[in-house]
Amino acid sequence: MDADSLRPPPLYVVDDVVLGRRSDGTVDHVAAARSLQQLDPKRITSIEVIKEASNRFGPDGVNGVVIFTLKKDTSPSVPKAP
């Protein structure tokens, strides 16, 4: 096994939300990958890749960060029935 295979994957962020973030602050990379698979590609407006982002995301960002920005929901709000 080489050193690259032992490194955790990059951090995934969608609309300023870190995917897989646990309540104790750690990241569950398996849960993050599952969430990423459920992302609708049609809603993605931009993808930014940062190689090393520990200055912005702390130690979780040391292996890079992939930031997704999604289209905002522009559907008209439906009034609730009384």
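Quick notes on this structure:
- Within segment 7-33, tally of residues that are modelled with pLDDT under 90 and polar (S, T, N, Q): 1
- Residue in segment 55-64 that is aromatic (Phe, Trp, Tyr), surrounded by 10 or more Cβ atoms within 10 Å (Cβ to Cβ), under 15 Å from the mean Cα position of the chain (by Cα) and modelled with pLDDT under 90 present: yes
- Residues of segment 34-62 that turn out to be touching a helix residue (DSSP H, G or I) at 6+ places or on another chain (Cβ under 9 Å), touching a residue at least 24 places away in the same chain (Cβ under 8 Å) and not charged (D, E, K, R), as a count: 2
- Matching residues in segment 1-38 - criterion: being part of a loop (DSSP other than H, G, I, E, B) and either among the β-branched types (Val, Ile, Thr) or within 10 Å of the chain's Cα centre (by Cα) (or both): Pro10, Asp15, Asp16, Leu19, Gly20, Thr26
- Considering segment 39-54, the residues that are touching a Gly at 6+ places or on another chain (Cβ under 7 Å) and assigned to a loop (DSSP other than H, G, I, E, B) include one that is surrounded by the fewest Cβ atoms within 10 Å (Cβ to Cβ), namely Lys51.
- First in segment 1-20 and over 20 Å from Lys71 (Cβ atoms) and of a type in the set (D, E, K, R), second anywhere and surrounded by 10 or more Cβ atoms within 10 Å (Cβ to Cβ) and modelled with pLDDT of 70 or more, Cβ under 6 Å, 6 or more apart: Arg7/Asn63
The values are calculated or read from the model by the stated rules, or taken from the named source; none is laboratory data. Given the structure is predicted, the values throughout are model-derived calculations rather than measurements. FYI the Cβ positions are ideal-geometry reconstructions off the backbone, even for glycines, and counts take in every protein chain you see.
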